[in-house]
């Protein structure tokens, strides 16, 4: 195991308490995307951050910057949001909104556009399916299945995970409904739509939290087809790289409490390395051959994310954002509710008052 030091970095100071998922890297230049925000009380907001344009004296369009942004749409969905994901989870080419809750429930929603051809945003968020898990939900991810169909994965305590099956396209009796409609008539039995997987025969502490990240790229080789790679980490220091439910590629045990897991192509060869961060700032970068590089952040870490070519940490006492240079934000892909791709950014914040917590995703 090698230790490295990122000597080039930028530090940004701010105030207020932070949520562990309170940072993500992405495009923030207002390129016609929407910001999706879900509050703890269950209020779903859409904000259009496209800069307003006016005609100047010469007849050219002038962009108005710095104006106050207001939500263009608001709708109530179930409260107590914990994690959120925007991705195509059923393979139809459209992105769905997946929300994990503090009561061990995961719900899937889809945006239904009711005003095609109009300039103003008109539509509603419809509920597709609800899953009930045995343990707490700490992370959501999507990875390609054995047939190339997306698999929605959710972490479960004890280094376990569950695959959530999308049944709304298979069962004709299940229809997407808006928030005001009862879901009881279309929910499926848990045995049908939740498949729980344990990653090893060793008994893990069922109370230890687990995080996962899916769709880890392994280059442009003939081996890149089939099931995708995914990784799991636990608060007791276990880190695993998996291919399918029963194929363990490697396992690493460290003496630090791992609370965040990301993927990043560090070397630029098309293979994404697994990046795990601990509360004390110890950060591990591990490739597919289990080569380990570690990096120590000076302060305790509250939130962590990675996106090429950067790693970013939010630390405590005082709260700083540390990121290695160059400070260029890199885009994530996929536009919520549309088939075309746009750049997106994911952000989540937590104010001093827990009721003010919002998880925000830009799509």
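No value in this document is a laboratory result; all are computed from the given coordinates. This is a predicted model, so every value here is computed, not measured. As a convention, Cβ positions derive from the backbone with ideal geometry for all residues, glycine included, and neighbour counts pool all protein chains shown.
General observations
- Rounded Å value of the spacing that divides the Cα centres of region 272-303 and region 85-157: 29 Å
- As a proxy for reagent exposure, ranking 151, 244 by other Cβ atoms within 10 Å from fewest up yields 244, 151.
- Stretching the chain fully between residue 251 and residue 102 yields a gain of 50.8 nm (0.36 nm per residue, less the alpha carbon separation).
- Applying 1/(1 + (r/R0)^6) with R0 = 30 Å to the Cβ-Cβ distance of residue 43 and residue 196 gives a FRET efficiency near 0.40.
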